[in-house]
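Chemist: Handing you this structure, nothing more for now.
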2 protein chains.
Amino acid sequence: MTDSGLPPLSVAGRIDSLMDLLGSAGCDSLIVTDRSNIRWCTGFTGSTGVLIITPAGSTLITDSRYQSQAPLQLSESECGSGVEISPSPFGVGAERLRDSAQVGLEASSITWSAQRAWVDAIDGEVVATDALVLELRSVKTSAELARIEAAASIVDEALAEAVELIKRGTSELDLAAAIDAGMRRRGSAGPSFDTIVATGPNSALPHATPGDRTMQDGDLLVVDCGAVVDGYRSDMTRTFVVGDGPATDEISTLLEVVAEAQHAGVESLAAGVEAGTVDSACRGVIDAAGYGDHFGHGTGHGVGLDIHELPAVRKGNTGILQPGHVLTVEPGIYVAELGGVRIEDTVVVTPDGSRVLTRFPKNPLV
Amino acid sequence: MTDSGLPPLSVAGRIDSLMDLLGSAGCDSLIVTDRSNIRWCTGFTGSTGVLIITPAGSTLITDSRYQSQAPLQLSESECGSGVEISPSPFGVGAERLRDSAQVGLEASSITWSAQRAWVDAIDGEVVATDALVLELRSVKTSAELARIEAAASIVDEALAEAVELIKRGTSELDLAAAIDAGMRRRGSAGPSFDTIVATGPNSALPHATPGDRTMQDGDLLVVDCGAVVDGYRSDMTRTFVVGDGPATDEISTLLEVVAEAQHAGVESLAAGVEAGTVDSACRGVIDAAGYGDHFGHGTGHGVGLDIHELPAVRKGNTGILQPGHVLTVEPGIYVAELGGVRIEDTVVVTPDGSRVLTRFPKNPLV
């Protein structure tokens with residue numbers, strides 16, 4: 001397994017922790033439909049499933065494709081939930097929920113049509129819940145941290161190996177392919193999102209798709225990629241200059257300002273700090289350099305079973321950072337036609353600061 | 001670009017076709033939130049966006065990360081929609097929808113919380129719509145077919161190249177990595193879903209995740225993978241026997257029955273046929289062989305911008321197949337502990353039958 005040498009991923013007790021939150025969320029039972037939330041609660045990795053949590057016990061309902069896999073995974077994870085195989089969750093679910101008066105649904109992930117179907121299927125009142133599991137998930141256990149750190153190391157190594165391709169004539173697609181293959185060979189289950197390799201003017205698009213544009217000397221080159229270990233993801237971005245270094249003073253300035261902003265963001269991190277403070281720390285440096293209008297996205301996001309999860313690192317977010325929160329710090333400056341610069345680390349919050357999980361050198365000039 | 005040599009992907013006229021359907025769906029305007037539906041309507045490939053379609057015109061609302069990319073893609077696609085950049089779609093959307101009395105929402109993809117936010121934001125009545133864009137998307141243009149066919153060829157070639165790794169001692173992860181890298185090198189934007197490589201008893205799990213189990217002589221080996229060209233996906237499965245051929249009569253039987261069932265399914269395909277007929281054709285062969293209880297999933301699904309789209313090929317589906325529908329035919333038999341066999345092609349429906357886009361040989365014994 002990819003988890004060789006990693007501590008076991010137990011989920012024991014998680015459903016109980018969730019049950020403890022239901023009262024304050026206005027419900028006595030919960031229907032968990034988000035795939036990553038189901039995985040976090042039960043260890044089940046299938047693509048289809050609904051987890052019914054009631055005071056009398058919990059049941060994962062999935063279809064016959066998973067009739068071998070689901071009982072096996074739920075037994076190994078020690079989640080305490082049973083399994084029912086059914087082509088549709090509504091009949092079994094209604095049966096399990098027949099004594100429930102207020103049933104929570106995960107409003108931010110369940111579709112409107114599924115919500116309507118549950119309203120029709122059950123007698124109890126349906127209640128919108130917000131981020132119950134996501135809040136619990138945001139604080140990582142040491143076993144989870146070990147996996148995110150392993151995923152971060154895989155990216156460090158895969159990018160270090162691929163750096164020799166950063167030269168005139170290499171296409172964006174070729175570099176992306178080399179990074180993806182390098183991550184796979186090191187045990188990543190796949191890229192944690194579609195790898196971004198953007199050269200020259202394409203780098204001004206924060207979410208560019210790699211194409212067959214080839215690198216030219218003096219190009220800015222943004223690489224944004226991550227790996228996956230046992231479902232846990234990492235995320236990093238580095239910006240390179242192709243060839244003999246920055247072709248213009250403006251490019252040098254962009255690289256310096258973003259590096260300084262990213263450093264300020266990481267330095268501002270600690271348990272007890274508001275998430276918005278980290279955004280302000282980065283934004284302050286970029287604003288002061290006169291590029292405030294060219295930093296159009298948030299500073300970062302939580303990372304775990306999903307590539308974007310809690311906490312959000314955005315302007316005005318007053319949520320308090322806690323030890324075990326894992327998040328990205330990724331300021332950027334984008335100048336149309338010239339290109340963009342973004343630098344991103346995956347970082348874990350500690351009681352008195354933070355620990356940067358991404359170790360690849362900053363701001364390398366190739 | 002990966003589309004070298006492929007006909008241009010115009011989306012001109014698609015929003016008008018959609019407008020023509022709104023009256024019969026009980027609405028005068030539509031809020032499109034599904035990402036692939038937005039891409040199909042406008043050519044926009046970003047991760048965040050909402051498309052507002054009204055009789056007075058259409059507007060894509062997306063955030064500042066896409067302020068360069070969105071106008072460029074919408075202009076190139078000739079979709080006829082404008083762009084507004086806003087951190088939230090509700091304000092701009094409410095403005096565009098102020099003359100709309102009935103506003104359709106895509107109930108199968110919009111979240112319950114987004115539906116609630118639209119109810120709060122707009123004056124008109126919110127109406128649940130079902131599969132309006134999905135039905136239109138299910139019939140592919142020749143330019144779309146060319147991309148799906150290109151994606152199918154990429155998988156054929158990548159798997160042919162990786163076959164030499166199918167031997168005792170290779171791990172599931174190593175074979176998956178080789179296939180993914182081979183697809184990337186041939187221009188795939190990534191795997192069209194997480195590549196499945198399942199050996200021995202793992203192959204009894206239809207959706208197994210590759211791990212570090214190494215191949216043993218006599219193992220059944222299921223490989224299920226696909227490529228992506230300009231967003232369009234392919235999907236194929238082949239089952240191999242590791243080493244010198246089937247170790248037991250039962251394995252030989254499984255391979256023969258599934259091959260016969262898959263052939264019967266493809267033969268049953270033609271425009272005017274009910275989708276459920278294709279399922280029955282496969283299921284009849286497997287039932288007759290006594291393995292009906294071991295074929296627990298549907299026979300297939302449509303493929304396009306999403307890996308699972310319309311039409312569904314399931315028991316009792318009375319939807320009529322049309323020329324240009326692209327779907328998979330993928331019966332399987334799964335025997336706990338022994339293993340599983342599945343064979344899958346991506347196929348396009350033609351007026352008088354079908355054309356199989358997957359060309360990799362069937363039932364190879366390595």
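The values are calculated or read from the model by the stated rules, or taken from the named source; none is laboratory data. It should be emphasised that the depicted structure is a prediction, and the values quoted were computed from it without experimental measurement. Backbone-built Cβ (ideal geometry, glycine too); neighbour counts: all protein chains shown. What goes into the accessible areas is simple: the full protein's heavy atoms, side chains included, and nothing from ligands, DNA or RNA. Shrake-Rupley method; radii C 1.70, N 1.55, O 1.52, S 1.80 Å.
Chemist: Taking 56 Å as R0, compute the FRET efficiency from the Cβ-Cβ separation of B:SER24 and A:ASP244 and round it to 0.05.
Modeler: Values: r = 63 Å, r/R0 = 1.12.
Result of the calculation: an efficiency of 0.35.
Chemist: Specify which residue in the list B:ILE110, B:PHE44, B:VAL126 is farthest towards the positive end of the charge dipole of the range B:14-137, using unit charges on the beta carbon of Lys, Arg (+1) and Asp, Glu (-1), about the Cα centre.
Modeler: Final value for the positive-end residue is B:PHE44.
Chemist: Quick one: work out the % antiparallel among DSSP beta bridges in chain A, nearest 5. Numbers along the way, then the final one.
Modeler: Values: 39 of 51 bridges.
Around 75 percent of the beta bridges assigned by DSSP in chain A are antiparallel ones.
Chemist: On a 1.4 Å probe surface of the protein chains, which of A:SER192, B:SER354 comes out largest in accessible area, and what is the full order? Could you put the intermediate results ahead of the total?
Modeler: Values: A:SER192 5, B:SER354 40 Å².
If we order A:SER192, B:SER354 from most to least accessible, we get B:SER354, A:SER192.
Chemist: Rounded to the nearest 500 deg cm²/dmol, what is the calculated helix-only ellipticity per residue at 222 nm for chain A, with -39500 (n - 2.57) per DSSP H run of length n ≥ 4? Show your work: numbers first, answer last.
Modeler: Details: 10 runs with 119 residues, N = 366.
After summing the helix terms and dividing by residue count, I get -10000 deg cm²/dmol.
Chemist: If I take R0 = 45 Å and measure r between the Cβ atoms of A:ASP293 and A:ASP123 in this structure, what FRET efficiency does the formula 1/(1 + (r/R0)^6) give, to the nearest 0.05? Could you put the intermediate results ahead of the total?
Modeler: On the way: r = 54 Å, r/R0 = 1.20.
According to the calculation, E is roughly 0.25.
Chemist: Shape verdict for chain A, please, from the Cα gyration tensor: rounded (a/c under 1.5), prolate (a/b greater than b/c) or oblate. Kindly include the intermediate steps, with their values, before the conclusion.
Modeler: On the way: a/c = 2.28, a/b = 1.86, b/c = 1.23.
Note, shape of chain A comes out prolate.
Chemist: Describe numerically, in nm with one decimal, the distance between label points set 7 Å from Cα along Cα→Cβ at B:GLU256 and at A:ALA336.
Modeler: 6.7
Chemist: Using C-alpha positions alone, give me the convex hull volume of the range A:1-115 per residue in cubic angstrom.
Modeler: Residue-normalised Cα hull volume stands at 111 Å³.
Chemist: Working with all protein chains in place, sort A:THR199, B:THR318, A:THR214 by solvent-accessible area computed with a 1.4 Å probe, largest first.
Modeler: I get B:THR318, A:THR214, A:THR199, largest accessible area first.
Chemist: Now a separate question. Around A:LEU357, which amide H atoms from residues at least 5 apart in sequence, or from another chain, sit under 5 Å from its own amide H, with H modelled in the peptide plane?
Modeler: Under 5 Å from the amide H of A:LEU357 lie the amide H atoms of A:THR346, A:VAL347, A:VAL348, each far enough along the sequence or on another chain.
Chemist: What FRET efficiency, computed as 1/(1 + (r/R0)^6) with R0 = 56 Å and r the Cβ-Cβ distance, is obtained for B:SER10 and A:ALA271, rounded to the nearest 0.05? Mind showing how you got there, number by number?
Modeler: On the way: r = 53 Å, r/R0 = 0.95.
In this case the efficiency is close to 0.55.
Chemist: Tell me which residues come under 5 Å, amide H to amide H, from A:VAL127 once H is placed; ignore anything under 5 positions away on its chain.
Modeler: Close amide H contacts, sequence-distant or interchain: A:VAL103, A:GLY104, A:LEU105.
Chemist: A further question on this structure: Just the Kirkwood number for the range A:83-196, please: inverse of mean 1/r across all distinct Cα pairs, in Å, one decimal. Mind showing how you got there, number by number?
Modeler: Details: mean 1/r = 0.0545 Å⁻¹.
Here the Kirkwood hydrodynamic radius works out to 18.4 Å.
Chemist: When only C-alpha pairs under 8 Å and at least 6 residues apart count, what is the relative contact order of chain B, in percent? Intermediate results must be reported in sequence, preceding the final value.
Modeler: Numbers: 850 pairs, mean separation 53.1, N = 366.
The value is 15 percent.
Chemist: Using protein chains only and a probe of 1.4 angstrom, how many square angstrom of A:SER88 are accessible, to the nearest 10?
Modeler: 50
Chemist: Going by a ≥ b ≥ c, the root eigenvalues of the Cα gyration tensor, does the range B:53-141 fall in the rounded group (a/c under 1.5), the prolate group (a/b larger than b/c) or the oblate group? Before the final figure, lay out each step's value.
Modeler: Details: a/c = 1.66, a/b = 1.15, b/c = 1.44.
The shape class here is oblate.
Chemist: Within a Cβ distance under 10 Å of B:HIS308, other residues only, what is the Lys/Arg minus Asp/Glu net charge? Numbers along the way, then the final one.
Modeler: On the way: positive: B:ARG233; negative: B:ASP235, B:ASP306, B:GLU309.
It works out to a net charge of -2.
Chemist: Turning to a different aspect of this structure: Can you grab the distance from the C-alpha centre of the range B:100-175 to the C-alpha centre of the range A:247-272, Å, no decimals?
Modeler: Between the Cα centres of the range B:100-175 and the range A:247-272 lies a distance of 37 Å.
Chemist: Continuing with the same structure: Tell me which aspartates and glutamates have Cα within less than 15 Å of A:LYS140's Cα, excluding those fewer than 8 residues away on the same chain?
Modeler: Cross-link targets: A:GLU149, A:ASP230, A:ASP306, A:GLU309.
Chemist: Using a 1.4 Å probe over the heavy atoms of the protein chains, calculate the carbon and sulfur portion of the accessible area of the protein assembly as shown as a whole percent. Let's see the in-between values first.
Modeler: On the way: 13450 of 27430 Å².
After summing per-atom areas, the C and S share lands at 49 percent.
Chemist: To continue, here is another question. Taking 7 Å along the Cα-to-C-beta vector as the label spot, tell me the A:VAL92-B:ARG116 distance in nanometres, rounded to one decimal.
Modeler: Taking the simple label geometry, A:VAL92 and B:ARG116 are separated by 2.8 nm.
Chemist: Let me ask something additional. Per 10 Å bin, what percent of the C-alpha pairs of the range A:142-356 does each bin hold, from zero upward?
Modeler: Bins of 10 Å from zero give 9, 35, 36, 18, 2 percent of pairs.
Chemist: Shifting gears a bit: Mind putting a number on the dipole of chain B about its Cα centre? Charges go on the C-beta only, +1 for Lys and Arg and -1 for Asp and Glu, and I need it in Debye to the nearest 20. Present the calculation step by step, with values, prior to reporting the outcome.
Modeler: Details: 25 positive and 50 negative charges, 101 e Å.
Taking the Cα centre of chain B as origin, the dipole is about 480 debye.
Chemist: Now for a separate question. Quick one: which residues, 5+ away or cross-chain, put their amide H under 5 Å from the amide H of B:VAL273? H built at 1.01 Å from N.
Modeler: Under 5 Å from the amide H of B:VAL273 lie the amide H atoms of B:LEU321, each far enough along the sequence or on another chain.
Chemist: Taking accessible area as the heavy-atom solvent-accessible surface of the protein chains with a 1.4 Å probe, which residues of the range B:177-206 lose no less than 50 Å² upon going from the isolated chain to the full protein assembly?
Modeler: B:ARG184, B:LEU205
Chemist: Whole-Hz ³J(HN,Hα) for each residue in the range B:135-140, computed from phi via Karplus 6.51 cos²θ - 1.76 cosθ + 1.60 with θ = phi - 60°, x for glycine and proline: what do you get?
Modeler: Running phi through 6.51 cos²θ - 1.76 cosθ + 1.60 with θ = phi - 60° gives 5, 4, 5, 5, 8, 8 Hz.
Chemist: Express the accessible area of the range B:81-208 per residue in Å², computed with a 1.4 Å probe while the remaining protein chains stay in the model.
Modeler: Details: 4860 Å² over 128 residues.
For the range B:81-208, the per-residue accessible area is 38 Å².
Chemist: Determine the total buried accessible area between chain A and chain B, counting protein heavy atoms only with a 1.4 Å probe; round to the nearest 100 Å².
Modeler: Working: alone 15380 and 15390 Å², together 27430 Å².
Roughly 3300 Å² of accessible surface disappears when A and B pair.
Chemist: Something else about it: To the nearest 10 square angstrom, what accessible area does B:ASP249 show with a 1.4 Å probe?
Modeler: 130
Chemist: Still on this structure, I have one more. Give me the net charge for the shell around B:GLY124: Cβ to Cβ below 13 angstrom, other residues only, Lys and Arg +1, Asp and Glu -1. Display every interim value, and only then the final one.
Modeler: Values: positive: B:ARG96, B:ARG98; negative: B:ASP28, B:GLU95, B:ASP99, B:ASP120, B:ASP123, B:GLU125.
Once all neighbours under 13 Å are counted, the net charge is -4.
Chemist: Need one word for the protein assembly as shown: rounded, prolate or oblate. Basis is the Cα gyration tensor (sqrt eigenvalues a ≥ b ≥ c); a/c below 1.5 gives rounded, then a/b vs b/c decides. Spell out each step's value before the answer.
Modeler: Working: a/c = 1.28, a/b = 1.22, b/c = 1.05.
Verdict is rounded for the protein assembly as shown.
Chemist: Now for a different question. Might you work out the accessible area of A:VAL356 for me, using a 1.4 Å probe with all protein chains in place, and round it to the nearest 10 Å²?
Modeler: 50
Chemist: Here is a further query. Under a straight-distance cross-link criterion of Cα-Cα below 30 Å, which lysines are reachable from B:LYS167, leaving out those fewer than 8 residues away in the same chain?
Modeler: Partners within reach: B:LYS362.
Chemist: Give the ranking of A:PHE360, B:PHE240, A:PHE90 by solvent-accessible surface, highest area first, calculated with a 1.4 Å probe.
Modeler: These residues rank, largest area first, as A:PHE90, A:PHE360, B:PHE240.
Chemist: Another question, if that's okay. Taking 0.36 nm per intervening residue step and subtracting the Cα-Cα distance, what contour gain separates A:ARG355 from A:GLN216 on full extension? Mind showing how you got there, number by number?
Modeler: On the way: separation 139, 0.36 × 139 = 50.04 nm, distance 3.55 nm.
Stretched fully, the A:ARG355-A:GLN216 segment lengthens by 46.5 nm.
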